[in-house]
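Step one of this worksheet: look at the structure below.
The values are calculated or read from the model by the stated rules, or taken from the named source; none is laboratory data. Here the structure is a predicted model, which is why all the values come from computation and not from measurement. Glycine gets a Cβ as well: all are built from the backbone with ideal geometry, and neighbour counts include every protein chain shown.
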Amino acid sequence: MNFLKILTVITIIATISVAQTWNGAANTDWYNAEQNEFTIATAEQLAGLATLVNGGNNLKNKTITLQNNIFLNDTTDWQNWENAAPANTWTAIGKDTNAAFRGTFDGAGHTVSGVYINNASADNQGFFGFVNTDGVVKNLSVIASFVKGRKNVGIVVGNNNSLVDNCHSNGKTAGKQSVGGIVGYNSGETTNSSSAGAVYGKGGKFYGGFVGGNDQGKISNSSSSASLGGRGMFFGSFVGGNDGKISNSYSTGEVNARGMFSGGFVGANTRNGTVIDSGKR
(Lines give C-alpha, C1' and ligand atoms only; values in the text may rest on other atoms or scores of the structure.)
Protein backbone atom coordinates (compact mmCIF):
# COMPACT_ATOMS: atom_id res chain seq x y z
CA MET A 1 0.00 0.00 0.00
CA ASN A 2 1.37 3.42 -0.94
CA PHE A 3 0.59 5.56 2.11
CA LEU A 4 2.05 8.70 0.55
CA LYS A 5 -0.41 8.56 -2.34
CA ILE A 6 -3.23 7.99 0.11
CA LEU A 7 -2.14 11.03 2.11
CA THR A 8 -2.14 13.16 -1.04
CA VAL A 9 -5.71 12.16 -1.79
CA ILE A 10 -6.77 12.74 1.81
CA THR A 11 -5.16 16.19 1.79
CA ILE A 12 -7.07 17.21 -1.32
CA ILE A 13 -10.32 16.06 0.23
CA ALA A 14 -9.53 17.86 3.49
CA THR A 15 -8.69 21.17 1.87
CA ILE A 16 -11.84 21.34 -0.22
CA SER A 17 -14.11 20.19 2.54
CA VAL A 18 -15.52 22.57 5.10
CA ALA A 19 -17.16 19.93 7.25
CA GLN A 20 -18.18 21.07 10.69
CA THR A 21 -15.04 22.36 12.34
CA TRP A 22 -14.17 22.68 16.00
CA ASN A 23 -15.88 25.49 17.93
CA GLY A 24 -12.92 25.83 20.29
CA ALA A 25 -14.68 24.25 23.28
CA ALA A 26 -13.66 21.14 25.24
CA ASN A 27 -16.16 18.46 26.28
CA THR A 28 -15.22 15.89 28.93
CA ASP A 29 -18.76 14.60 29.55
CA TRP A 30 -17.93 11.40 27.67
CA TYR A 31 -15.42 10.33 30.35
CA ASN A 32 -16.34 8.05 33.23
CA ALA A 33 -13.51 6.90 35.50
CA GLU A 34 -15.24 3.55 36.05
CA GLN A 35 -15.11 2.67 32.34
CA ASN A 36 -12.12 1.52 30.31
CA GLU A 37 -13.31 1.99 26.72
CA PHE A 38 -14.54 5.21 25.12
CA THR A 39 -15.54 6.46 21.68
CA ILE A 40 -14.87 10.03 20.60
CA ALA A 41 -16.92 11.46 17.75
CA THR A 42 -16.42 15.25 17.82
CA ALA A 43 -13.62 17.80 17.94
CA GLU A 44 -14.96 19.06 21.26
CA GLN A 45 -14.62 15.60 22.79
CA LEU A 46 -11.12 15.34 21.37
CA ALA A 47 -10.22 18.63 23.02
CA GLY A 48 -11.69 17.20 26.20
CA LEU A 49 -9.13 14.39 25.99
CA ALA A 50 -6.37 17.00 26.03
CA THR A 51 -7.99 18.67 29.03
CA LEU A 52 -8.09 15.39 30.96
CA VAL A 53 -4.51 14.34 30.21
CA ASN A 54 -3.01 17.77 30.76
CA GLY A 55 -4.85 17.93 34.06
CA GLY A 56 -3.05 14.79 35.29
CA ASN A 57 -5.30 11.93 34.15
CA ASN A 58 -2.96 9.72 32.11
CA LEU A 59 -5.76 7.27 31.09
CA LYS A 60 -3.53 4.26 31.71
CA ASN A 61 -5.28 0.97 30.79
CA LYS A 62 -8.03 2.87 29.00
CA THR A 63 -8.76 2.88 25.26
CA ILE A 64 -10.15 5.81 23.28
CA THR A 65 -11.36 5.08 19.76
CA LEU A 66 -11.97 7.78 17.16
CA GLN A 67 -15.33 7.37 15.42
CA ASN A 68 -15.14 10.10 12.76
CA ASN A 69 -12.77 12.24 10.75
CA ILE A 70 -12.16 15.43 12.74
CA PHE A 71 -11.65 18.97 11.40
CA LEU A 72 -10.04 21.27 13.94
CA ASN A 73 -9.87 24.16 11.46
CA ASP A 74 -10.91 25.00 7.93
CA THR A 75 -7.78 23.77 6.14
CA THR A 76 -8.19 25.71 2.90
CA ASP A 77 -5.07 27.85 3.52
CA TRP A 78 -3.17 25.60 5.92
CA GLN A 79 0.20 25.95 4.18
CA ASN A 80 0.25 29.66 5.09
CA TRP A 81 -0.63 29.26 8.76
CA GLU A 82 2.78 30.30 10.03
CA ASN A 83 1.96 33.84 8.89
CA ALA A 84 -1.85 33.79 9.02
CA ALA A 85 -3.29 31.85 11.95
CA PRO A 86 -6.56 29.91 11.57
CA ALA A 87 -9.45 30.22 14.01
CA ASN A 88 -8.39 27.56 16.51
CA THR A 89 -5.13 26.76 18.28
CA TRP A 90 -4.70 23.16 19.39
CA THR A 91 -3.38 22.21 22.83
CA ALA A 92 -1.22 19.10 22.60
CA ILE A 93 -2.46 15.99 24.42
CA GLY A 94 0.17 15.53 27.14
CA LYS A 95 2.73 18.07 28.34
CA ASP A 96 5.53 16.28 30.22
CA THR A 97 6.24 13.28 32.45
CA ASN A 98 3.78 14.54 35.04
CA ALA A 99 0.98 15.03 32.52
CA ALA A 100 1.52 12.41 29.83
CA PHE A 101 -0.80 10.15 27.84
CA ARG A 102 -0.45 6.49 28.89
CA GLY A 103 -3.63 5.02 27.45
CA THR A 104 -4.40 3.68 23.97
CA PHE A 105 -5.66 6.03 21.28
CA ASP A 106 -7.00 4.14 18.25
CA GLY A 107 -7.73 6.37 15.27
CA ALA A 108 -9.52 3.43 13.62
CA GLY A 109 -8.27 4.62 10.23
CA HIS A 110 -9.68 8.13 10.63
CA THR A 111 -8.07 11.49 9.97
CA VAL A 112 -7.56 14.58 12.11
CA SER A 113 -7.13 17.71 9.97
CA GLY A 114 -6.12 21.23 10.86
CA VAL A 115 -3.88 20.93 13.93
CA TYR A 116 -2.41 24.39 14.51
CA ILE A 117 0.27 25.13 17.14
CA ASN A 118 2.60 28.12 16.90
CA ASN A 119 4.60 28.48 20.12
CA ALA A 120 8.36 28.74 19.65
CA SER A 121 9.01 28.55 23.41
CA ALA A 122 7.04 25.36 24.16
CA ASP A 123 8.43 21.80 24.27
CA ASN A 124 6.65 18.52 23.41
CA GLN A 125 4.39 19.88 20.71
CA GLY A 126 2.18 17.94 18.29
CA PHE A 127 -1.31 16.49 18.10
CA PHE A 128 -0.05 14.42 21.04
CA GLY A 129 2.60 16.25 23.04
CA PHE A 130 3.93 13.54 25.35
CA VAL A 131 3.20 9.80 25.10
CA ASN A 132 4.80 7.95 27.99
CA THR A 133 5.20 4.33 29.15
CA ASP A 134 2.23 2.09 28.19
CA GLY A 135 0.86 4.75 25.82
CA VAL A 136 -0.19 3.76 22.30
CA VAL A 137 -1.18 5.95 19.35
CA LYS A 138 -2.24 3.90 16.34
CA ASN A 139 -4.22 3.79 13.10
CA LEU A 140 -4.33 7.56 12.71
CA SER A 141 -3.55 10.19 10.07
CA VAL A 142 -2.91 13.83 11.00
CA ILE A 143 -2.85 16.06 7.92
CA ALA A 144 -3.05 19.66 6.71
CA SER A 145 -1.44 20.79 9.97
CA PHE A 146 1.19 23.24 11.21
CA VAL A 147 3.15 22.64 14.42
CA LYS A 148 5.88 24.96 15.69
CA GLY A 149 7.54 24.55 19.07
CA ARG A 150 10.96 24.64 20.69
CA LYS A 151 12.10 21.08 21.45
CA ASN A 152 10.48 17.71 20.61
CA VAL A 153 8.14 18.77 17.82
CA GLY A 154 6.19 16.44 15.50
CA ILE A 155 2.88 16.43 13.67
CA VAL A 156 1.49 13.28 15.34
CA VAL A 157 3.61 13.10 18.54
CA GLY A 158 6.13 15.56 19.93
CA ASN A 159 7.76 13.20 22.45
CA ASN A 160 7.22 9.45 22.11
CA ASN A 161 8.43 7.16 24.87
CA SER A 162 6.13 4.27 24.03
CA LEU A 163 4.46 3.18 20.75
CA VAL A 164 3.31 4.90 17.55
CA ASP A 165 1.93 2.36 15.08
CA ASN A 166 0.34 2.79 11.64
CA CYS A 167 0.22 6.58 11.81
CA HIS A 168 0.65 9.00 8.91
CA SER A 169 1.26 12.72 8.66
CA ASN A 170 1.25 15.51 6.13
CA GLY A 171 2.05 18.96 7.46
CA LYS A 172 4.71 21.48 8.39
CA THR A 173 6.85 21.36 11.52
CA ALA A 174 9.38 23.86 12.85
CA GLY A 175 11.49 24.16 15.98
CA LYS A 176 14.92 24.22 17.61
CA GLN A 177 15.68 20.63 18.59
CA SER A 178 14.39 17.15 17.72
CA VAL A 179 11.91 18.20 15.05
CA GLY A 180 10.37 15.55 12.81
CA GLY A 181 7.67 15.10 10.23
CA ILE A 182 5.73 12.60 12.33
CA VAL A 183 7.53 12.34 15.72
CA GLY A 184 9.94 14.88 17.17
CA TYR A 185 11.79 12.83 19.80
CA ASN A 186 11.54 9.04 19.83
CA SER A 187 12.82 6.87 22.67
CA GLY A 188 10.07 4.30 22.20
CA GLU A 189 8.95 2.59 19.01
CA THR A 190 7.55 4.09 15.81
CA THR A 191 6.51 1.57 13.17
CA ASN A 192 4.42 1.02 10.03
CA SER A 193 4.10 4.78 9.52
CA SER A 194 4.80 7.53 6.97
CA SER A 195 5.35 11.27 6.81
CA ALA A 196 5.01 13.92 4.13
CA GLY A 197 5.20 17.70 4.06
CA ALA A 198 8.05 19.89 5.30
CA VAL A 199 10.38 20.23 8.30
CA TYR A 200 12.16 23.51 9.02
CA GLY A 201 14.92 24.36 11.47
CA LYS A 202 16.73 27.54 12.40
CA GLY A 203 19.82 27.52 14.58
CA GLY A 204 19.08 24.19 16.27
CA LYS A 205 19.82 20.49 15.83
CA PHE A 206 18.31 17.11 14.95
CA TYR A 207 15.84 17.63 12.13
CA GLY A 208 14.39 14.65 10.30
CA GLY A 209 11.75 14.13 7.66
CA PHE A 210 10.31 11.32 9.79
CA VAL A 211 11.84 11.62 13.30
CA GLY A 212 14.03 14.42 14.62
CA GLY A 213 15.95 12.57 17.33
CA ASN A 214 15.90 8.78 17.79
CA ASP A 215 17.34 8.24 21.27
CA GLN A 216 17.69 4.48 21.86
CA GLY A 217 14.33 4.10 20.14
CA LYS A 218 13.20 1.77 17.37
CA ILE A 219 11.92 2.80 13.95
CA SER A 220 10.78 0.20 11.44
CA ASN A 221 8.76 -0.40 8.27
CA SER A 222 8.29 3.31 7.65
CA SER A 223 8.89 5.99 5.03
CA SER A 224 9.12 9.74 4.53
CA SER A 225 8.79 12.08 1.56
CA ALA A 226 9.05 15.23 3.69
CA SER A 227 11.44 17.96 2.60
CA LEU A 228 13.84 19.75 4.96
CA GLY A 229 15.09 23.33 4.97
CA GLY A 230 16.68 25.99 7.14
CA ARG A 231 20.00 26.06 8.95
CA GLY A 232 21.45 24.24 11.92
CA MET A 233 23.04 20.88 12.66
CA PHE A 234 22.13 17.30 11.80
CA PHE A 235 19.51 17.35 9.07
CA GLY A 236 18.52 13.92 7.73
CA SER A 237 15.90 13.10 5.14
CA PHE A 238 14.61 10.39 7.50
CA VAL A 239 16.14 10.96 10.96
CA GLY A 240 18.18 13.91 12.20
CA GLY A 241 20.11 12.11 14.95
CA ASN A 242 20.11 8.34 15.48
CA ASP A 243 21.27 6.63 18.66
CA GLY A 244 18.82 3.74 18.24
CA LYS A 245 17.74 1.26 15.58
CA ILE A 246 16.25 1.96 12.16
CA SER A 247 15.14 -0.96 9.99
CA ASN A 248 13.24 -1.60 6.75
CA SER A 249 12.61 2.09 6.12
CA TYR A 250 13.31 4.66 3.41
CA SER A 251 13.06 8.33 2.50
CA THR A 252 12.66 10.27 -0.73
CA GLY A 253 12.57 13.85 0.55
CA GLU A 254 15.08 16.55 -0.37
CA VAL A 255 17.33 18.27 2.14
CA ASN A 256 18.09 21.92 1.39
CA ALA A 257 19.59 23.08 4.67
CA ARG A 258 22.72 24.99 5.63
CA GLY A 259 24.90 23.85 8.48
CA MET A 260 26.93 20.93 9.74
CA PHE A 261 26.07 17.31 8.95
CA SER A 262 23.14 17.89 6.61
CA GLY A 263 21.76 15.57 3.98
CA GLY A 264 21.47 11.88 3.40
CA PHE A 265 19.27 9.42 5.21
CA VAL A 266 20.49 10.21 8.75
CA GLY A 267 22.07 13.49 9.80
CA ALA A 268 24.20 11.97 12.58
CA ASN A 269 24.56 8.31 13.53
CA THR A 270 26.30 7.47 16.84
CA ARG A 271 28.33 4.38 17.64
CA ASN A 272 25.21 2.89 19.19
CA GLY A 273 23.00 3.74 16.22
CA THR A 274 22.18 1.05 13.69
CA VAL A 275 20.59 1.30 10.24
CA ILE A 276 19.43 -1.99 8.70
CA ASP A 277 17.93 -2.50 5.22
CA SER A 278 17.14 1.21 5.02
CA GLY A 279 18.24 4.28 3.09
CA LYS A 280 17.46 7.19 0.82
CA ARG A 281 15.87 6.54 -2.54
Checklist outcome for this item: Filter region 239-256 for residues that are in contact with a Leu (Cβ under 9 Å, 6 or more places away or on another chain) and assigned to a strand (DSSP E or B); the one that is surrounded by the fewest Cβ atoms within 10 Å (Cβ to Cβ) is Asn256
Checklist outcome for this item: Checked region 110-143 for anything over 17 Å from Asn54 (Cα atoms), in a strand (DSSP E or B) and either in contact with a Gly (Cβ under 8 Å, 6 or more places away or on another chain) or aliphatic (A, V, I, L, M) (or both); matches are Val112, Lys138, Asn139, Leu140, Ser141, Val142, Ile143
Checklist entry - in contact with a Phe, Trp or Tyr (Cβ under 9 Å, 6 or more places away or on another chain) and either over 17 Å from Ser141 (Cα atoms) or assigned to a loop (DSSP other than H, G, I, E, B) (or both), is that true of Asn23? => result no
Next on the checklist: Yes or no: region 164-182 includes at least one residue that is surrounded by fewer than 24 Cβ atoms within 10 Å (Cβ to Cβ) and farther than 30 Å from Asn83 by Cβ.
Outcome noted: yes
Checklist entry - Just a yes or no: is a residue in region 208-217 in contact (Cβ under 8 Å) with a residue 60 or more places away in the chain and surrounded by fewer than 24 Cβ atoms within 10 Å (Cβ to Cβ)? => result no
Checklist entry - Got at least one residue in region 263-275 being within 12 Å of Ser220 (Cα to Cα) and part of a strand (DSSP E or B)? => result yes
Checklist outcome for this item: Reported set for region 118-129 where residues are without any contact (Cβ under 8 Å) to a residue 40 or more places away in the chain and farther than 11 Å from Gly154 by Cβ is Asn118, Asn119, Ser121, Ala122, Asp123
Checklist entry - Only one residue in Asn2, Asn80 is at pLDDT 95 or above and more than 17 Å from the chain's Cα centre (by Cα). Which one? => result Asn80
Checklist outcome for this item: Scanning region 144-165 residue by residue, the ones that are touching a Phe, Trp or Tyr at 6+ places or on another chain (Cβ under 9 Å), part of a strand (DSSP E or B) and either within 23 Å of Thr252 (Cβ to Cβ) or among the polar types (S, T, N, Q) (or both) total 10
Checklist entry - Could you say whether any residue in region 27-39 is part of a loop (DSSP other than H, G, I, E, B) and either touching a residue at least 40 places away in the same chain (Cβ under 8 Å) or under 21 Å from the mean Cα position of the chain (by Cα) (or both)? => result no
